[in-house]
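**Q** My questions all concern the structure below.
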Amino acid sequence: MNRSNAVSRLTWAGIAFVGTLLPISSFADDQDVRDYRSDVMKAMGEQFAALNQITKGKAPAGDVATQAEVLSITAGMAKIAFTPKVLGGEAKPEVWDKWDDFSKRLDEMVAAAADLAKTAKQGGVAAVTPKLSGLSCKGCHDDYRVQKK
């Protein structure tokens, strides 16, 4: 199977997976919601880490488009993961108190990740490197994530 088909299948699998999660609050208890939210955010962090390794020449450059596409899919799942108003975990209450700002930032991350995936597919590592450095989780983490001690 060529990489394009693999990415396409991964994209559709991600979309199907997201669709199954839309009613998450109707069957999950609060801890399940917090765990899922944490898993999605960790997955985004892992994709950033993998892309950083690729841009630094520490991982196969041929994986850049696939890794960027997975980041794009995962970023799209983040908003769904936060939609149920379940306090706790590493999320501050401000996530829901300031939902308009928080969800706007998530939407911006989704758009930036989609642009990164498109760039990776068209231009490879050289085109991704400057855009990846422009993506940052720090602003949201400073405002909306409980700081680890």
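**Q** Could you run through region 89-100 and say how many residues are in contact (Cβ under 8 Å) with a residue 24 or more places away in the chain and hydrophobic (A, V, I, L, M, F, W, C)?
**A** 2
**Q** Separate question: Which ranges mark the helices (runs of 4 or more DSSP H) fully within region 86-149 that have 2 or more residues being within 29 Å of Thr55 (Cβ to Cβ) and not basic (Lys, Arg)? It would help to see each step written out before you state the result.
**A** Values: elements: 94-97, 99-134, 138-144.
Helices (runs of 4 or more DSSP H) meeting the threshold: 99-134, 138-144.
**Q** Then there's this: Mind checking which residues of region 101-130 are touching a Lys or Arg at 6+ places or on another chain (Cβ under 8 Å) and in contact (Cβ under 8 Å) with a residue 40 or more places away in the chain?
**A** Result: Leu116, Thr119.
**Q** For region 77-99, what are the residues that are of a type in the set (Val, Ile, Thr), within 22 Å of Ala111 (Cα to Cα) and buried (at least 18 other Cβ atoms within 10 Å of the Cβ)?
**A** Initially, region 77-99 is screened for residues of a type in the set (Val, Ile, Thr), giving 80, 83, 86, 95.
Next, from what is left, pick out any that are within 22 Å of Ala111 (Cα to Cα): 80, 83, 95.
Within region 77-99, just Val95 meets the criteria.
**Q** Examine region 46-62 for a residue that is loosely packed, with under 15 Cβ neighbours inside 10 Å and closer than 27 Å to Ala28 by Cβ, and state whether such a residue exists.
**A** The answer is yes; a qualifying residue exists.
Read-outs throughout are calculated quantities, based only on the coordinates presented, and are distinct from any laboratory measurement. Bear in mind the structure is a predicted one, so any value in this text is a computation, not a measurement. In this analysis, Cβ positions are derived from the backbone assuming ideal geometry, glycine residues included, and neighbour counts consider all displayed protein chains.
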